[in-house]
Amino acid sequence: MEFKDKVVIITGANSGIGKLLSEHFLKQEAIVVGFDIEKNDNIHVLSYKVDVRDYRAIEKSISEIVKLYQKIDIVINCAGGASSRVLNENKPFESLSLNAIDWGIDVNLKGPIYMARAVINQMIKQKNGVIINVGSVSGVTGSKTAVDYASAKSGLIGLTKSLALLGAAHQVRCCMVSPGPVLTRPEMSKMTTPMARACSPLEVVDLIMYLCSEKAAFISGDNYMIDGARSCGGMKHEE
Ligand SMILES: NC(=O)c1ccc[n+]([C@@H]2O[C@H](COP(=O)([O-])OP(=O)(O)OC[C@H]3O[C@@H](n4cnc5c(N)ncnc54)[C@H](O)[C@@H]3O)[C@@H](O)[C@H]2O)c1
């Protein structure tokens with residue numbers, strides 16, 4: 001019960017990896033706060049309707065959480081996704097709308113930067129804290145189909161290193177986890193990996209929970225691939 005009474009904020013907490021993370025932290029009696037575009041009071045201790053592109057909404061919710069619990073132990077930036085899929089624009093980058101490109105950069109990169117800006121002073125003050133950024137294999141390999149997505153996820157590598165440097169003297173850590181295809185949607189099984197399978201969402205959750213734990217107290221600033229060696233190259237084609 002390492003996470004008992006820890007205040008854990010998860011963005012994108014209503015679905016997929018974020019939802020499963022919420023369930024696993026709740027099993028350990030953590031105080032899980034979900035941020036998503038809709039409130040969902042059934043799956044978290046507290047739920048806020050927060051669009052991560054809206055700094056004022058983030059700031060207001062964070063200040064309410066600090067008033068309630070006097071601390072924020074863990075922030076997991078999970079909200080994100082490929083803009084062409086989320087916005088149903090099934091188009092290649094060459095004809096993708098600027099609206100989709102803005103969404104891709106704003107949700108996947110600006111959101112985690114906003115979240116960090118909103119919690120970092122509290123974490124420095126309490127001399128403790130962990131921030132986890134959820135990236136993607138595309139942020140390391142690039143992607144000719146999801147250009148804005150890959151660019152944003154690459155940007156998270158810089159954010160992770162920068163926050164690790166900023167937080168190090170205050171026992172505030174930042175790590176990144178970059179999955180290959182994860183079976184949060186059945187179609188992800190079509191993306192190949194050298195291990196000839198996709199990742200289970202639980203495998204990603206286990207890695208994130210390890211990085212949040214005291215066992216990882218000296219780990220900060222790096223990006224952990226969980227991609228069945230997909231980023232090592234050697235794939236015959238790009239999906
Ligand atoms: N599933 C995969 O194969 C895979 C692979 C690599 C990386 N990832 C990354 O993992 C993370 C989670 O992926 P998933 O498949 O579980 O996603 P998902 O689509 O199941 O869930 C994403 C959640 O984010 C929320 N969200 C979207 N826009 C938001 C906004 N502006 N503000 C707040 N919340 C918002 C959605 O409402 C949703 O609940 C994402 O960052 C994704 O890029 C996923």
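The values are calculated or read from the model by the stated rules, or taken from the named source; none is laboratory data. All of these numbers come straight from a predicted model, not from anything done at the bench. Backbone-built Cβ (ideal geometry, glycine too); neighbour counts: all protein chains shown.
Descriptive notes on the structure:
- Only one of the listed residues (17, 10) is assigned to a strand (DSSP E or B), touching a residue at least 24 places away in the same chain (Cβ under 8 Å) and surrounded by 23 or more Cβ atoms within 10 Å (Cβ to Cβ). That residue is 10.
- Of all residues assigned to the range 193-206, at least one qualifies as being crowded, with 23+ Cβ neighbours inside 10 Å, touching a helix residue (DSSP H, G or I) at 6+ places or on another chain (Cβ under 9 Å) and over 19 Å from residue 9 (Cβ atoms).
- Qualifying position, being surrounded by fewer than 16 Cβ atoms within 10 Å (Cβ to Cβ), in contact with a Lys or Arg (Cβ under 8 Å, 6 or more places away or on another chain) and modelled with pLDDT of 95 or more, among 126, 171: 171
- Meets criteria (in contact (Cβ under 8 Å) with a residue 12 or more places away in the chain, surrounded by fewer than 18 Cβ atoms within 10 Å (Cβ to Cβ) and in a helix (DSSP H, G or I)) for residue 99: yes
- Identity of the residue in the range 78-94, of a type in the set (S, T, N, Q) and in contact with an Asp or Glu (Cβ under 9 Å, 6 or more places away or on another chain), that ends up surrounded by the fewest Cβ atoms within 10 Å (Cβ to Cβ): 84
- For the range 59-75, the criterion of a residue being within 10 Å of the ligand (Cβ to nearest atom) and either under 23 Å from residue 164 (Cβ atoms) or in a helix (DSSP H, G or I) (or both) is satisfied by no position.
- Residues of the range 177-187 satisfying the condition of being within 18 Å of the chain's Cα centre (by Cα) and either part of a loop (DSSP other than H, G, I, E, B) or farther than 26 Å from residue 130 by Cα (or both): 180, 181, 183, 184, 185
- Residue list for the range 125-144, restricted to those being in a loop (DSSP other than H, G, I, E, B), within 16 Å of residue 182 (Cα to Cα) and polar (S, T, N, Q): 136
- Scope the range 55-72; condition buried (at least 17 other Cβ atoms within 10 Å of the Cβ) and in contact with a helix residue (DSSP H, G or I) (Cβ under 7 Å, 6 or more places away or on another chain); matching residues: 58, 62, 66, 71, 72
- Test result for residue 88, modelled with pLDDT of 95 or more, near the ligand (Cβ under 10 Å from one of its atoms) and either outside any helix (DSSP H, G or I) or on the phi < 0 side of the Ramachandran plot (or both): no
- Test: residue in the range 207-221 that is within 12 Å of the ligand (Cβ to nearest atom), in a strand (DSSP E or B) and either more than 15 Å from the chain's Cα centre (by Cα) or of a type outside the set (Ser, Thr, Tyr) (or both): no
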